[in-house]
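The values are calculated or read from the model by the stated rules, or taken from the named source; none is laboratory data. Here the structure is a predicted model, which means the values were calculated and not measured. Here the Cβ positions follow ideal geometry from the backbone for every residue, glycine too, while neighbour counts run over all protein chains shown. SASA here: full protein model, heavy atoms, side chains in, ligands and nucleic acids out. Shrake-Rupley method; radii C 1.70, N 1.55, O 1.52, S 1.80 Å.
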Amino acid sequence: MAKWVRFSWNGQTRLGTLDGDNISVCDNALFAEPARTGEHVALSEVELLAPFTPNSILALWNNFHERAQAEGQTIPANPLYFMKPVTSVIGPNQTIYRPRGYRGGVKFEAEIGVVIGRRCSNIGVDEVDDVIFGYTCVNDVTAAEFLFADQAFQQWTLAKGFDTFCPLGPCIDTDIDPAELRVLAIENGEIRQDYPVSDMIYSPQQLVSMISQYQTLVPGDLIVCGTSVGASPMQPGCEIQVSIPGLGALVNHFDDRRE
């Protein structure tokens with residue numbers, strides 16, 4: 001069991017597991033038992049990257065009781081989800097950029113992500129923990145005004161799929177029970193979201209089971225479990241942190257698109 005990280009060190013991209021403020025370097029691929037090389041490097045001496053490149057990103061909408069009640073939404077009979085392109089992924093400490101030419105709001109949405117570690121299809125909830133590799137922090141960034149710009153077609157992929165719109169990390173924790181976790185969004189030191197995973201309409205395990213009825217899931221798929229109340233537009237120059245105590249804290253900054 002481990003907290004996996006991916007990092008840049010001496011000009012190379014490496015994998016390793018966290019041991020306090022140090023990384024134990026591994027020479028095997030993700031989704032396997034750690035094969036440690038015996039090398040150790042201080043966390044302060046490396047650049048953390050997104051802990052993996054997802055195969056696909058499936059993201060939930062309307063998956064929290066409190067938010068559904070606050071927004072007058074009905075409880076969905078099945079998980080409601082969309083896809084984000086893998087090109088939207090960035091890692092810790094990288095900058096989220098406003099889309100070029102867009103002056104509308106760009107919202108943070110603090111979420112927990114499920115990383116699939118084994119191929120699965122049509123599995124029951126009691127089998128799910130065997131196919132989940134671990135959990136990570138995700139910011140499901142949204143340029144909200146694109147979503148309903150065309151009244152005939154809600155543009156979820158456009159609104160949520162820009163480059164830099166899926167920060168994730170800093171690690172994948174393979175030994176944590178999400179049921180008791182809380183998810184926080186902290187903007188410039190101020191808590192803007194703070195909600196329990198237990199308020200989900202469909203738990204992480206239920207999501208994996210139910211989505212596997214619709215499509216085969218493979219190692220590297222990322223299921224982003226949705227967000228609760230408090231998601232808000234960011235101001236240029238702000239620091240936004242997705243913090244899940246016991247799992248990790250994902251820190252990024254938001255700014256206008258550089259030319």
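How high is the relative contact order of the chain, given as a whole-number percent (alpha carbon pairs under 8 Å, six or more residues apart)?
That works out to 26 percent.
Considering only protein heavy atoms, with the full assembly of protein chains and a 1.4 angstrom probe, order Trp4, Trp61, Trp156 by accessible area, largest first.
Most to least solvent-accessible, the answer reads Trp61, Trp156, Trp4.
Using all alpha carbons of the stretch 170-259, what is the percent of pairwise distances in each 5 Å bin, ordered from the shortest bin to the longest?
Distribution as computed: 3, 12, 19, 21, 18, 14, 9, 5, 1 percent.
To the nearest 20 debye, what is the magnitude of the charge dipole of the chain about its Cα centre, counting +1 on the Cβ of each Lys and Arg and -1 on the Cβ of each Asp and Glu?
Computed charge dipole of the chain: roughly 740 debye.
Would you please put 76-85, 170-179 in order of how densely packed they are, using the mean number of other Cβ atoms within 10 angstrom per residue and starting with the highest?
Peptide ranking by packing, descending: 170-179, 76-85.
Once a ≥ b ≥ c are taken as the square roots of the eigenvalues of the Cα gyration tensor of the stretch 17-101, is the result rounded (a/c under 1.5), prolate (a/b larger than b/c) or oblate (a/b not larger than b/c)? Numbers along the way, then the final one.
On the way: a/c = 2.51, a/b = 1.98, b/c = 1.26.
Because a/c hits 1.5 or more and a/b exceeds b/c, the stretch 17-101 counts as prolate.
Amide H of Thr142 versus every other amide H placed in the peptide plane: which residues, excluding those fewer than 5 positions away on the same chain, fall under 5 Å?
Lys107
Starting from the amide H of Ala149, placed 1.01 Å from N in the peptide plane, find each other amide H under 5 Å away whose residue is 5 or more places distant or on another chain.
Those lying under 5 Å, H to H, from Ala149 are Gln155.
Assuming R0 = 30 Å, what is the FRET efficiency of Ala152 and Glu66, from their Cβ-Cβ distance, to the nearest 0.05? Walk me through the numbers before you get to the answer.
Numbers: r = 31 Å, r/R0 = 1.03.
Rounded to the nearest 0.05, the efficiency is 0.45.
When only C-alpha pairs under 8 Å and at least 6 residues apart count, what is the relative contact order of the stretch 55-203, in percent?
26 percent
State whether the chain is rounded, prolate or oblate according to the following rule on the C-alpha gyration tensor (a ≥ b ≥ c being the square roots of its eigenvalues): a/c under 1.5 gives rounded; otherwise a/b larger than b/c gives prolate, and the remaining case gives oblate.
It is oblate, given that a/c is not under 1.5 and a/b is not larger than b/c.
What's the ranking of 46-55, 25-34 by average number of surrounding C-beta atoms within 10 Å, highest first?
46-55, 25-34
By a straight-distance test (C-alpha under 22 Å), which lysines pair with Lys160 as possible cross-link partners, with residues fewer than eight away in the same chain excluded?
Lys84, Lys107
Quote the charge dipole size of the stretch 100-156 about the Cα centre in Debye, to the nearest 20; the model charges only the Cβ of Lys and Arg (+1) and of Asp and Glu (-1). Walk me through the numbers on the way to the answer.
On the way: 5 positive and 9 negative charges, 80 e Å.
Approximately 380 debye in magnitude.
If exposed trypsin sites (Lys or Arg not before Pro) are those in a DSSP loop with at most 15 other Cβ within 10 Å, what is the longest stretch of the chain that has none?
My reading of the result: 120-256 is the longest stretch.
Taking H placed 1.01 Å from N in the peptide plane, check which residues at least 5 places from Asp194 or on another chain put their amide H under 5 Å from its amide H.
For Asp194, the qualifying residues are Ala185.
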